[in-house]
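Shown next, in structure tokens, is the structure this report addresses.
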Amino acid sequence: MSKRRYLVAIGGILLHLMIGSVYAWSVFTGPIAKQTGWALSSVTVAFSIAIFFLGMSAAFMGRLVERFGPRLTGTVAALLYGSGILLTGLAVQLESLPLLYIGYGVVGGLGLGAGYVTPVSTIIAWFPDKRGLATGMAIMGFGFAAMLTGPIAQNLIAGIGLVPTMYVLGTAYLLIMLTAAQVIRKPRPGEIPAADIAKSVSLTGTAMTANQAVKTRSFRYLWLMFFINITCGIGLVAVASPMAQQQTGMSAATAAMMVGVVGLFNGFGRLAWATLSDLIGRPLTYTLIFTVDVAMLAGILVFSSPLLFGIALCLIMSCYGAGFSVIPAYLGDVFGTKQLGAIHGYVLTAWAVAGVVGPTLLSLSDQYFHSYTYSLIFFVALELVAFILSIRIRRQFSVVARDQRMNGKIDGVYWSITMKFINE
């Protein structure tokens, strides 16, 4: 096996470490509001815009990865995201809120979408025998980025000021992402052993195009499962600290510490669950993810102990991170890797919608009922729906796997069962 794949993996991790800094936006919201006089809620909107454009742009950026290669899309991501951060600094300097939304939200969001899809399908192509590990490695960087960016940004703001910090970070992101993008390429013929390529055949035995995949019910199921996972997870991320204080009486300092620990589980969960999926399969892994989510969300509703609340939230966040790292490999299992980058991009539109729905539901619950209880109950119901969908897909895979074991190849019967599963 070519050692090149580890260089590609490192490039992908670096790319995701840079764009994952979007999760550290809360570090900047206070200083921006203080320096410009803008309402904190107005500054926070920039994050929602960025996540929306991340999800929506990923759909067509995924297609560009397949058509032009990851090096080009990685370069585009570097230029857009780096420029978005630089424009953010300029917006603060000029005290222009519209420019903040355009710079950080639109331009930066487009860079996020391009950067997110760039390495995933490529790394899977280099690690066909370990799809879960491959996606876990790349997407883990996105989960851990806030832990790296947060302290650095805080020290820079304290040392050189807010606007210079944005210029420094924007330039650093641009240069590091440009460098990382140049080492990310798809494997050439002969670089991947035939035995490993054989292991990468989809569970359904198909290799569908993106246009074929999005028309299937299986794609809609996976999209909905992904949407539910993110809606609940990102909603809790947005209100973790105030919810902990309201439900358990946790102090603000303790809640802040808990949020940091939760970030660790978000990052490690991406690698741990993805690696587990290589051992037990993606269908069973997703069922376990939703099982844990249902149990822990129900626990949050009744736990008054800060320790138990924190443990439940950490487990939910590990499942939240898992949703991102397991879904690309799952898509490869169902639809093959022929146009995985494009298919993954289409699924990421669920992120764009969930990024708005999740936090909004919890905010409205707190605003009108002065409690998060109703939203949490709704989240439990959503997770139960996702659990049922995961069971349905597992059963279909079981039929396919049984036939494959009996025949040892894709014959007429296997093909008919496969197509029934894909299209029904």
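Miscellaneous remarks
- The listed residue being in a helix (DSSP H, G or I), of a type in the set (A, V, I, L, M) and open to solvent by less than 10 Å² (accessible area, probe 1.4 Å), out of ALA322, ALA295: ALA322
- Residues within the range 29-61 that are more than 18 Å from the chain's Cα centre (by Cα) and open to solvent by less than 10 Å² (accessible area, probe 1.4 Å), tallied: 3
- In the range 155-167, the condition of being under 23 Å from the mean Cα position of the chain (by Cα), in contact (Cβ under 8 Å) with a residue 60 or more places away in the chain and either assigned to a helix (DSSP H, G or I) or within 12 Å of LEU15 (Cβ to Cβ) (or both) is met by no residue.
- Residues of the range 79-103 satisfying the condition of being open to solvent by less than 10 Å² (accessible area, probe 1.4 Å) and touching a residue at least 24 places away in the same chain (Cβ under 8 Å): TYR81, GLY82, GLY84, ILE85, THR88, GLY89, VAL92, LEU100
- Looking across the range 228-239 at every residue that is open to solvent by less than 10 Å² (accessible area, probe 1.4 Å) and among the small types (Gly, Ala, Ser), the one that is nearest to PRO359 (Cα to Cα) is identified as GLY235.
- Summed over the range 7-28, the residues that are under 17 Å from GLY74 (Cβ atoms) and either among the small types (Gly, Ala, Ser) or open to solvent by 10 Å² or more (accessible area, probe 1.4 Å) (or both) give a count of 11.
- Apart from one condition, TYR116 fits all of (1) at pLDDT 90 or above; (2) out of contact with any Leu (no Cβ under 8 Å at 6 or more places or on another chain); (3) of a type outside the set (Asp, Glu); the exception is (2).
- Criterion (open to solvent by less than 30 Å² (accessible area, probe 1.4 Å), within 14 Å of the chain's Cα centre (by Cα) and under 26 Å from PRO31 (Cα atoms)) met by exactly one of GLY143, GLY115, GLY150: GLY143
- When ALA77, ALA33, ALA58 are screened for being in a helix (DSSP H, G or I), touching a helix residue (DSSP H, G or I) at 6+ places or on another chain (Cβ under 6 Å) and within 21 Å of PRO164 (Cα to Cα), only ALA33 passes.
- Residue in the range 223-241 that is at pLDDT 85 or above, closer than 30 Å to TYR372 by Cβ and of a type in the set (Gly, Ala, Ser) present: yes
- Test: TYR372 is surrounded by 14 or more Cβ atoms within 10 Å (Cβ to Cβ), over 20 Å from TYR221 (Cβ atoms) and modelled with pLDDT of 55 or more: yes
- So GLY109, is it assigned to a helix (DSSP H, G or I) and buried (at least 24 other Cβ atoms within 10 Å of the Cβ): yes
- Within the range 47-65, the set of residues being small (Gly, Ala, Ser) and closer than 14 Å to GLY111 by Cβ comprises ALA50, GLY55, SER57, ALA58.
- Check on LEU264, aliphatic (A, V, I, L, M), touching a residue at least 12 places away in the same chain (Cβ under 8 Å) and out of contact with any helix residue (DSSP H, G or I) (no Cβ under 7 Å at 6 or more places or on another chain): yes
- Of the residues making up the range 208-225, just one is more than 15 Å from GLY332 (Cα to Cα) and surrounded by 18 or more Cβ atoms within 10 Å (Cβ to Cβ), namely MET225.
- Pick from the range 332-369, criterion assigned to a helix (DSSP H, G or I), open to solvent by 10 Å² or more (accessible area, probe 1.4 Å) and of a type in the set (S, T, N, Q), ranking: farthest from CYS232 (Cα to Cα): GLN367
- For the range 264-287, the criterion of a residue being at positive phi and part of a loop (DSSP other than H, G, I, E, B) is satisfied by at least one position.
The values are calculated or read from the model by the stated rules, or taken from the named source; none is laboratory data. What you see is a predicted model, and the numbers here were worked out from it, not measured in a lab. Cβ atoms come from the backbone with ideal geometry, glycine included; neighbour counts cover every protein chain shown. Areas reflect the complete protein model, heavy atoms only, side chains present, ligands, DNA and RNA absent. Shrake-Rupley method; radii C 1.70, N 1.55, O 1.52, S 1.80 Å.
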